[in-house]
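The block underneath contains the structure these notes are about, expressed in structure tokens.
Please treat every number below as a calculation from the coordinates, not as lab data. Just so it is clear, the structure is predicted and the values come from calculations on it, not from any experiment. No Cβ is skipped: glycine too gets one built from the backbone with ideal geometry, and neighbour counts run over all protein chains shown.
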Amino acid sequence: MPMASREELLADTFLQLADTLIEDFDVIELLTMLSGRCVELLEASATGILLADVHRTLHVVAASSEEANLLELFQIQNEEGPCLDAFRTGKPVVHGDLGAQSPWPRFGRQAMAAGLPSVHAFPLRVRDTVLGTLNLFMAQAGPLIEADVAVAQALTHAATIALLQERATTDANRLTAQLQGALNSRVTIEQAKGALAERANIGMDEAFRRLRAYARDRNAKLTDVAEAIAGRTLAAAEMDILIAPDSYVRFDHG
Amino acid sequence: MPTAYDRWLRIVTALGAREGPEPTPAGMCSAASDLLAAGGVGLLVMAEGVPGAGFASNRLAEALEDLQFTLGIGPRVDAHARGIPIIESDLAAIPECWVGFGGAAVEAGVGSVFSFPLRLGAARVGALTVYQLGSGPLRGEVYADALVWADVITRALLAGQVGLPAGSLAVGLADEGSFDPRVHQASGMVSAQLEVSVGEALTRLRARAFADGIPLTAVAGEVVVRRLRFDHR
């Protein structure tokens, strides 16, 4: 198959989003899909999506890799970085070259050490409320071109729509409850990644990749699969498939 | 606006001042009720997946917790099963919600009910239910406090199931206001190493951090990079 053009990939992303939103979907899986598409569409090295809890503290809900996960965490813990600025101001933060000049001394050093000199953050906004941010980390220094900014903003809006899908209420307590549910799902997924990584002797990125592939193959929600693994209720035979998926592929093909 | 950590510390400190270093479930209920200025607070503790012990701050909450146990339906049942907060801010407007429960709650003088799951990912230990005499949503600050109470009680119950050394709870709770994915990844790993629940695994990690005098996140980091195991292989 020839490589898809950016327009095709973008169209496919929104088609997949539209398909997902009519069903009872898993919000973490959707946000993970979107962060993966950011990597492809914007040639980013890593992306992450952060969501604020009721205390206005940010948490990582989706990341394209474990490295992105930790870079996001670094910003949250040090209380500085593009995602915090985008979250506080509600405006996009675009920074082309941390090597030349960095408004965030600690985060700047960390990102440069990871080989990511160009960092950008876009707020997930609903009217006056900022729910979280979408962040891009690039290996090439240089500004983000206008077309890329437009694509990043479109993906940010898509992520916002996904989060508000269940809203159908103006009750602030209920909206918060739904966001809290998404954050708790993330905890369950991290626990399941750990359990699978330990059993299969693999890294966290590979464990997450297997969880997603398994959920997709069975048309199950990522969070439900994670709950079964972390809650130790998944059948042993199913767990074996997750521990050694390759041996099962070979078996299937005789 | 106070940060999550400020709020966490304030509540853990208030709980410790009232109930001492090893708060009982009943003590946590009445402390939460007083500090949230609630009409009453009920606590459901699950045991092996079925409703186990129930606790309440006063007679009102006790009656409504008992009723939910008898009926097998109610906000606390849904909060536990669905794993998200269940909110009914105007019970009088829909007394037929949870048939048998809504009407009885209104008759008992309750205007609104807010039930929070006690969970840390896949570790689900029960539900904390706040009964208010008036109707309407909880103010933002009170709602945020209620979520922290649910979190604190979850961790205290998990710790109680394992039996932590005296004094470790207050230290451990104060240390855990922040979210670090490695803590949860390590809980999953230790759960697999020891064949215990993720809740118990987290408590083991915390006990180790307390014993060694280092932060929980540091212990978790060692587990995730596979420099530390709990099964001594």
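So the values come out like this:
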| read-out | value |
| --- | --- |
| Ratio of Rg to Rh over the protein assembly as shown (Cα coordinates, Kirkwood Rh, two decimals) | 0.97 |
| Electrostatic dipole magnitude of the stretch B:181-224 [Cβ: Lys, Arg +1; Asp, Glu -1; Cα centre; debye, to 20] | 100 debye |
| Principal-axis tilt of helix B:181-194 within chain B, Cα atoms, nearest 10 degrees | 70 degrees |
| A:LYS91, A:LYS221, A:LYS193 arranged by Cβ crowding within 10 Å, fewest neighbours leading | A:LYS91, A:LYS221, A:LYS193 |
| Relative contact order %, chain A, counting alpha carbon pairs below 8 Å whose residues are six or more apart | 17 percent |
| Simple Cβ-charge dipole of chain A, Lys/Arg +1 and Asp/Glu -1, about Cα centre, in debye nearest 20 | 520 debye |
| Positive dipole terminus of the protein assembly as shown, leading residue within B:LEU205, B:GLY54, B:PRO181 (C-beta point charges) | B:LEU205 |
| Approximate spin-label separation A:ASP224-A:GLU146, in nm, with each point projected 7 Å along Cα-to-Cβ | 4.7 nm |
| For A:SER65, residues with placed amide H under 5 Å, excluding near neighbours | A:THR47 |
| Between 0 and 90°, nearest 10: helix A:27-42 axis offset from chain A longest Cα axis | 60 degrees |
| Mean separation of Cα contacts under 8 Å, 6 or more apart, over the residue count of the stretch B:4-175: relative contact order % | 24 percent |
| Quotient of C-alpha Rg and 2.2 N^0.38 Å, computed over the stretch A:33-159 | 0.93 |
| Shape metrics for chain A, restricted to C-alpha atoms - Rg then Dmax, Å | 18.6, 58 |
| Low-density loop positions, GluC sites (Glu not before Pro), the stretch B:17-76 - DSSP coil, at most 11 other Cβ in 10 Å | B:GLU48 |
| C-alpha long axis of helix B:198-212 to longest principal axis of chain B, angle in ° | 50 degrees |
| Rg in Å to one decimal, and Dmax rounded to a whole Å, for the stretch A:98-248 via C-alpha atoms | 19.3, 54 |
| Bins of 5 Å, starting at 0 and running to the largest distance - Cα pair percent for chain B | 1, 7, 15, 18, 19, 15, 11, 7, 4, 2, 1, 0 |
